[in-house]
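Student: Just passing along the structure, written as structure tokens.
The values are calculated or read from the model by the stated rules, or taken from the named source; none is laboratory data. All values reported here derive from a predicted model rather than from experimental measurement. As a convention, Cβ positions derive from the backbone with ideal geometry for all residues, glycine included, and neighbour counts pool all protein chains shown. Side chains included, ligands, DNA and RNA excluded: accessible areas come from the protein's heavy atoms. Shrake-Rupley method; radii C 1.70, N 1.55, O 1.52, S 1.80 Å.
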Amino acid sequence: MSLSKVFDIAGAGMTAQSMRLNVVSSNIANVDSAVSSNGDPYKGKKVVFTAIPINKDTPQVATVRVTAVVEDQSPARMVYDPKHPLADAKGYVTMPNINPVEEMTDMISSARSYQTNVEMMNTAKSLLQKTLTIGQQ
């Protein structure tokens, strides 16, 4: 595998993790949104990754791509707040199906994955620079 493929793989990983970070931050921002733009409670979203082989000869070497952003199908949280204007007859308000602890964990994981890809690119760049200086001494 050539070093140029390393940049392709790391770049694809950074793009995918960046999209994951955007989705997680949207989920965190809407954790207490009882109503979304369509009138229903906000539904959490998840990113779906797919591994794409670089070439047919080496299927174990792959890059990653975001193939979809899907709504989380878990049930909404029911919060007892009889004074809330959106409370039902029993005093419960339907809130988003977002667990802030899980979202923070996803955010940390995604940020670390992004940083790992950055470090991989920097290491490959450093190796290329050192290779260019071999004949100069």
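Student: Roughly how many percent of the accessible protein surface of the chain is carbon and sulfur, given a 1.4 Å probe and a whole-percent answer?
Tutor: Reported share for carbon and sulfur atoms: 57 percent.
Student: Could you report the accessible area of Asp72 in Å², rounded to 10, computed with a 1.4 Å probe on the protein chains as they sit in the structure?
Tutor: My reading of the accessible area for Asp72 is about 40 Å².
Student: Just going by the charge dipole of the chain, with Lys and Arg at +1 and Asp and Glu at -1 on Cβ, which of Gln17, Gly135, Ser36 is farthest out on the positive end?
Tutor: Gly135
Student: Sort largest first and round to whole Å: the equivalent ellipsoid semi-axes of region 48-87, each the square root of five times a Cα gyration tensor eigenvalue.
Tutor: Gyration-tensor ellipsoid for region 48-87: 46, 8, 6 Å.
Student: Considering only protein heavy atoms, what is the solvent-accessible area of Glu71 at a probe of 1.4 Å, reported in Å² to the nearest 10?
Tutor: About 90 Å², rounded to the nearest 10.
Student: If you don't mind, another one. At a temperature of 25 °C and a viscosity of 0.890 mPa s, determine how fast the chain diffuses translationally according to Stokes-Einstein, using the Kirkwood radius over alpha-carbon pairs as Rh; express D in µm²/s, rounded to the nearest whole number.
Tutor: Reported coefficient: 137 µm²/s.
Student: With runs of 4+ DSSP H residues as the only contributors, calculate the mean residue ellipticity of the chain at 222 nm using -39,500 (n - 2.57) per run, divided by the residue total and rounded to the nearest 500.
Tutor: That calculation yields -16000 deg cm²/dmol at 222 nm.
Student: Mind checking region 41-125 for trypsin sites (Lys or Arg not before Pro) that DSSP puts in a loop (not H, G, I, E or B) and that have at most 14 other Cβ atoms within 10 Å?
Tutor: When the trypsin sites (Lys or Arg not before Pro) of region 41-125 are filtered for loop state and at most 14 Cβ neighbours within 10 Å, Lys56, Lys83, Lys90 remain.
Student: Pairing the Cα long axis of helix 100-132 with the longest principal axis of the chain, what angle in degrees results, from 0 to 90 and rounded to the nearest 10?
Tutor: The angle comes out near 10 degrees.
Student: Considering only Cα-Cα distances, which of the following residue pairs are longer than 29 Å: Lys56/Lys125; Lys5/Lys130; Lys56/Lys130?
Tutor: Exceeds cut-off: Lys56/Lys130.
Student: How far, in nm, would the chain grow between Thr67 and Tyr80 when pulled straight, counting 0.36 nm per residue and subtracting the alpha carbon separation?
Tutor: That pair, Thr67 and Tyr80, stretches by 1.0 nm at full extension.
Student: Separate question: Quote the charge dipole size of the chain about the Cα centre in Debye, to the nearest 20; the model charges only the Cβ of Lys and Arg (+1) and of Asp and Glu (-1).
Tutor: It works out to roughly 400 debye.
Student: For the chain, report the accessible area per residue in Å² (1.4 Å probe, heavy atoms, rounded to an integer).
Tutor: Heavy-atom SASA per residue in the chain reads 67 Å².
Student: So, one more: On C-alpha positions alone, give me the angle between the axis of helix 3-29 and the longest principal axis of the chain, in degrees, nearest 10.
Tutor: Helix 3-29 and the main axis of the chain meet at about 10 degrees.
Student: Would you list Thr50, Thr105 from the most to the least accessible area, probe 1.4 Å?
Tutor: Thr105, Thr50
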